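This report concerns only the one structure given below.
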Amino acid sequence: MSSEPDYRSLFAAAPSPYLVLAPNLVILDVNDAYLRVTGHTREDLIGRYVFDALPQNPADPDADSVRNLEASFKRVLAGLETDVMAAQRYDIPVTTRPGAFEERWWSTVNTPVLDRDGEMAWIIHRVEDVTAFVQARRARKHQSPTEREEGMEAELYLRARELQRLNEELRAAHAREREVAVTLQEAMLHSPDLARHQNVAVRYLPAIGSLNVCGDWYDTVDLADGRFTVAVGDVVGHGLEAATVMGMMRSALSAASRAVTGPAQALEVLGMYARSVEGALATTAVTVLVDIRSRLLVYSSAGHPPPVLLHKGSTCELLENATDPPLGARPEHVPRPQASASYRCGDTLVLYTDGLIERRGQDIDTGLNRLQETLSSLTDATPDRLADTLLERLGVARGGHDDIALVIVRL
């Protein structure tokens, strides 16, 4: 039986040059191949900000290497996906001549490494020195290469640069659409009834990056006799289209909650409406009626993660006895289920969308258990403090891979 591989030794001996960067772009480790190809020592690099350790050649006024590499790192951090760069000129300092730089060309791949919660842990910066190829191509020009060879090499190089330019333009367009969609989303989430509830805290965090954003919503609707409803929902899709559908579904549920007798009937109306709205099918939602006279929670869910009732004694109760498929999932109308749960003064109701608990590579039950364990330690926190602390402890205070809508109600 062979022993477990020594991964540090494997990294050190890897033939390709590697840097390991923290999310703040500080160099954490470097392998021997990188030191050989650049002439640096470990002391030159480790613990330093990457662009301080690897500055741009000041003698080249047209150099764009730092800007291009920085943009690549930003894409990796935002999208948590590998970014492959076109061949770049990135001159390196000559260690024996202070202030002098040597021309170098590199093929670069930047890869994210995620932790168990799906969050960014490190960036692997892999480079291959292609200087010899570039210089050989120049030399061959002096040796009169064939017209076909010269044309192929030039075409490949130009296509790589053009592909990078188009990718950058596409990412910029996505970023602009995301900004508009988030602004629209935040404007539509305004709830006049919410201002009358000092015991309710809400949070909306758009997803990091340009995808999976602007489909989540929350709402509060005041009813007669001091009763009120709280709801959260999640529209499939992203960007302006999802934000538009979200606004329509949120408004429809708000109107239905005022017109019918309970949460199940409200979701039935919303489900019928969803069939007439393009992009609304498979929307999930949960709505809870808070009856302060009888201290009862009446709820119904359309394929949504269950709300949590946090009791003052630090125990959690999942409101999962009235869960049905997402809106529009059935070809014909079927009455939706409805259930109720009693509460005591000082208990806390928590509604959320799946971005709060879902992590890549993890079962949803793991996220639900983590949520309940975290809530159990926060029974004495105010709704606002509970919302902020919960997001922080679940590692999504600055956003996650999906939208997050969160509603905290102190009962």
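The values are calculated or read from the model by the stated rules, or taken from the named source; none is laboratory data. Everything numeric here is computed off the predicted structure, so don't read it as measured data. Quick reminder, even Gly has a Cβ in these numbers, built from the backbone with ideal geometry, and neighbours come from all protein chains shown. Please note that ligands, DNA and RNA were not included when accessible areas were found on the heavy atoms of the full protein model with its side chains. Shrake-Rupley method; radii C 1.70, N 1.55, O 1.52, S 1.80 Å.
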Among the residues of the stretch 79-89, is there at least one that is free of Cβ contacts under 8 Å to residues at least 24 places away in the same chain, surrounded by fewer than 17 Cβ atoms within 10 Å (Cβ to Cβ) and of a type in the set (D, E)? no
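Residues are listed down the side, and each one gets a yes or a no for (1) under 21 Å from Y352 (Cβ atoms); (2) at pLDDT below 80; (3) touching a Gly at 6+ places or on another chain (Cβ under 6 Å); (4) buried (at least 17 other Cβ atoms within 10 Å of the Cβ):
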residue	(1), (2), (3), (4)
A187	no, yes, no, no
S191	yes, yes, no, yes
F228	yes, no, no, yes
V235	yes, no, yes, yes
From the list V350, V277, V298, V269, exactly one residue is assigned to a strand (DSSP E or B), among the aliphatic types (A, V, I, L, M), in contact with a helix residue (DSSP H, G or I) (Cβ under 7 Å, 6 or more places away or on another chain) and under 23 Å from M246 (Cβ atoms). Which is it? V350
Identify the residue in the stretch 58-71 that is modelled with pLDDT of 85 or more and closer than 25 Å to T41 by Cα and, among all such residues, is surrounded by the fewest Cβ atoms within 10 Å (Cβ to Cβ). R67
Between residues in the stretch 8-20 that are within 16 Å of G39 (Cα to Cα) and free of Cβ contacts under 8 Å to residues at least 60 places away in the same chain and residues that are assigned to a helix (DSSP H, G or I) and not acidic (D, E), which pairs lie under 8 Å by C-beta distance while being six or more apart or on different chains? P15/A33
Would the stretch 54-63 turn up any residue that is free of Cβ contacts under 8 Å to residues at least 60 places away in the same chain, polar (S, T, N, Q) and within 27 Å of R97 (Cβ to Cβ)? yes
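So which residues in the stretch 300-340 are at positive phi and open to solvent by 30 Å² or more (accessible area, probe 1.4 Å)?
G303, S314
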Name every residue in the stretch 10-35 that is open to solvent by 60 Å² or more (accessible area, probe 1.4 Å) and either at pLDDT below 90 or within 19 Å of I123 (Cβ to Cβ) (or both), in order of residue number. L10, A13, P15, N24, L28
